[in-house]
Amino acid sequence: MEVWYFDVRRDRRPIGDPSLAEKRGVVMKSSSDLSLSRRRFCLCCVGGAAYAATAGWLTPRQAFAEARGLVSLIKDSAAASPITTYKLRNNISVLEGSGGNIAALTGPDGKVMVDAGIGVSRARLTQALAALGAEPITHLINTHWHFDHADGNEWLHSAGAKIIAQDNTRKHLSEIQRVEDWDYNFLPAAGGAIPSEVFAKDHSLKLNGASIGLRYYGPAHTDSDISVTFAEANVVHVGDTFWNGIYPFIDYSTGGSIDGMIAASDANLAAVTNDTIIIPGHGRPVSNKAELQAFRDMLVAIRDNVARLKQQGRTRDEAVAAKPTAAFDAIWGQFVIDPGFFTRLVYEGV
Ligand SMILES: [Zn+2]
């Protein structure tokens, strides 16, 4: 039997000694067993990639059917995805098409990026970034540790970027990290991909004339999430604390919870005005306070519905069968995190 291990940062490759891989906590699959079950499907990562590849939402059924293998799906989707650039204001743009939404600030101090996308997008991202200006990439900020936001760290570091993140992002990228709801073990990132400048609560930068504020949410979507605010432009990247128009993934394995997501949404709402441009981690990349408010209200309503069912003694499957998300599914349930999966995520935290 041919044995592969999945290293999402370096593609899958054969290894000679399965016991060694097991010791390292590596996910191993035989090459004849590459069709992944739902639980082996990396929802957070694949969503954005699959969306971009098809220029439209994949239904969960389509997405799972196409999940021939986690790494190959992500890689193929991201590699085939065009990068779409939206120019916002004060030399800030958002780039869509490689995992999570990426922000870029240009100017004489060099390009400052918020999130790195997926490594296989390097050529297309390089091209999209070059179209914004000739200056080198000097800084990269990670909103949190997830693969679809930090997989490009390695090439961006080699291109000259200093990587900045919250303490827990460095911790998770430095260790073998299991995400239970993906049934997946991530290997430690290569040395250059590890953030070299970290902070606990707040951090500020002054680059290209912009005051850039980095703020830790506390436990939210993970335990490593930060917002990145460009004060003069009134633009904020809120990472995966906000999925615009789609149910979010919540990573309980590294400290996320439904209550943490709601607390982060409240913090986001308190920090913005009607003129603020909000960049969500996933979903339509240029957003606003009204859409953020709708996301927060959806989270609260579904949490309350699911909590009521759990208090009545319903099991998780019974709670899913009761369809506590029904009023929201037509709008929010059209993506990879389908109503049943989202109900299970909420149930875990109430
Ligand atoms: Zn994430």
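The values are calculated or read from the model by the stated rules, or taken from the named source; none is laboratory data. Remember, predicted model here, so these are calculated numbers, not experimental data. Methodologically, a virtual Cβ is constructed for each residue, glycine included, from the backbone with ideal geometry; neighbour enumeration extends over all protein chains shown. Please note that ligands, DNA and RNA were not included when accessible areas were found on the heavy atoms of the full protein model with its side chains. Shrake-Rupley method; radii C 1.70, N 1.55, O 1.52, S 1.80 Å.
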Could you tally the net charge around SER196, taking each other residue with its Cβ under 15 Å from the Cβ of SER196, Lys/Arg +1 and Asp/Glu -1? 0
Of the peptides 172-179, 198-205, how do they stack up when ordered by the mean number of other Cβ atoms within 10 Å, highest first? 172-179, 198-205
With the 1.4 Å probe rolled over protein heavy atoms, segment 118-216 has an accessible area per residue in Å² of 38 Å²
Which of the three applies to segment 105-170, rounded, prolate or oblate, going by the alpha-carbon gyration tensor with a ≥ b ≥ c and a/c under 1.5 meaning rounded? oblate
To the nearest 0.05, what FRET efficiency results for ASP297 and LYS206 with a Förster distance of 30 Å applied to their C-beta separation? 0.25
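Among 335-343, 252-260, what's the highest-first ranking by average C-beta atoms within 10 angstrom per residue?
Packing order, densest peptide first, comes out as 335-343, 252-260.
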Rounded, prolate or oblate for segment 200-350? Axes are the square roots of the Cα gyration tensor eigenvalues, ordered a ≥ b ≥ c, and the cut-off for rounded is a/c under 1.5. prolate
At 0.36 nm per residue, and after removing the present C-alpha to C-alpha distance, how many nm does the segment from ARG178 to ALA290 gain when stretched out fully? 36.8 nm
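Where does each of 326-332, 186-192, 212-218, 97-103 land if you order them by average Cβ count within 10 Å, highest first?
Ranked from most to least packed, the peptides come out as 97-103, 212-218, 186-192, 326-332.
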Is the shape of segment 141-258 best called rounded, prolate or oblate, per the rule: a/c under 1.5 gives rounded, else a/b larger than b/c gives prolate, else oblate, with a ≥ b ≥ c the square roots of the Cα gyration tensor eigenvalues? oblate
Lys, Arg +1 and Asp, Glu -1 on Cβ, resulting dipole of segment 187-259 about Cα centre, debye, nearest 20: 200 debye
So ASN274 and THR315, fully extended at 0.36 nm per residue minus their Cα-Cα distance, gain in nm 10.7 nm
Å² of accessible area per residue within segment 244-350, as computed with a 1.4 Å probe and no ligands counted: 39 Å²
